[in-house]
1. For region 118-147: of the residues being assigned to a helix (DSSP H, G or I) and of a type in the set (D, E, K, R), which is farthest from VAL52 (Cα to Cα)?
2. Quick check on my filter: what residues within region 101-117 are part of a strand (DSSP E or B) and of a type outside the set (A, V, I, L, M)?
3. Consider only pairs whose beta carbons are under 9 Å apart and that are at least six residues apart or on different chains; among these, list those whose first residue lies in region 129-147 and is surrounded by fewer than 16 Cβ atoms within 10 Å (Cβ to Cβ) and whose second residue is among the hydroxyl-bearing types (Ser, Thr, Tyr).
4. If I ask for residues that are under 26 Å from LEU220 (Cα atoms), out of contact with any strand residue (DSSP E or B) (no Cβ under 9 Å at 6 or more places or on another chain) and without any contact (Cβ under 8 Å) to a residue 60 or more places away in the chain, which ones from region 101-128 would you list?
5. Do we have LEU220 as touching a helix residue (DSSP H, G or I) at 6+ places or on another chain (Cβ under 6 Å), of a type in the set (A, V, I, L, M) and within 26 Å of ALA95 (Cβ to Cβ) here?
6. Tell me the strands (runs of 3 or more DSSP E) entirely within region 1-100 that contain at least 1 residues that are free of Cβ contacts under 8 Å to residues at least 60 places away in the same chain.
7. Give just the number: which of (1) more than 30 Å from LEU172 (Cβ to Cβ); (2) touching a helix residue (DSSP H, G or I) at 6+ places or on another chain (Cβ under 8 Å); (3) modelled with pLDDT of 95 or more does VAL74 not satisfy?
8. Taking the condition of being farther than 15 Å from GLU174 by Cα and buried (at least 17 other Cβ atoms within 10 Å of the Cβ), how many residues in region 206-233 meet it?
Amino acid sequence: MRIHVVTLFPECFAGPLACGPLQRARSIGALQIWLHQLRDYAAGKHRQVDDVPYGGGQGMVLKPEPLVAAIEHVARVDQPHRVLLSARGRRLAQADVARLARQDSVLLVCGRYEGVDERVTEWIDEEVSIGDYVLSGGELAAAVLMDAIARLLPGVLGSTASAPDDSFATGLLEHPQYTRPWTFRGRSVPAVLGSGDHAAIRRWRRREALRVTLERHPDLLTTAVLDDTDRELLGELARTSDRG
């Protein structure tokens, strides 16, 4: 897979690209990443990329000329799916990450300051936000998105089962995890996890995933794919809650 990033601050990506899934994905050839400095596409002596907004207001807006020039340059050498990282974009979900991970090429455009000139969106396929809060620019959001994509690429994670079990991958939050020691400051690991009964362990993990989702992110249950066993487990959780 290939990812292009248009940014005013390519140095923001030095850390994320040097470790974890992104480093692993690049080292095995599963992912290629190109960082494009926006100023390289700006005209004039000062390479200006921003200007004051029409109509007045605080802050600066990224100009359309350098952004569109950068997008068109990438389009001439590749055929990427074009994504603008924007606070007003659709909130990113795991299903979106999986969809983007299936693309051969993706272009991430990092907004800055008060945003980008609206006309740039005509060269964009979709706008994405990583949450309902404001960042200084799209670079951190782009790094988050790239990390999420890299985890789904073949051969990147140490265990092929890791990604499918992650929170959101199945539509639910992940079940609790435990490791040694068996007892820590008076708190022990649930007995079922040491029972060797794999069917019981799977049921416990599914029940706990449902419980955690119900407590912390109940809206996910409206879209998660649930079977009869899941509904039975939710009934058990409801009865346990009623007993207080």
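1. Once the filter is applied, the top-ranked residue is ASP147.
2. Once the filter is applied, which keeps residues that are part of a strand (DSSP E or B) and of a type outside the set (A, V, I, L, M), region 101-117 yields SER105, CYS110, ARG112.
3. Matching pairs, first to second residue: SER136/TYR113.
4. Result: ARG102, single match.
5. yes
6. The strands (runs of 3 or more DSSP E) meeting that bar are 32-37, 81-91.
7. It fails just one condition, (2).
8. So the count comes out to 1.
The values are calculated or read from the model by the stated rules, or taken from the named source; none is laboratory data. Note that this is a predicted model, so its numbers are computed, not measured. As a convention, Cβ positions derive from the backbone with ideal geometry for all residues, glycine included, and neighbour counts pool all protein chains shown.
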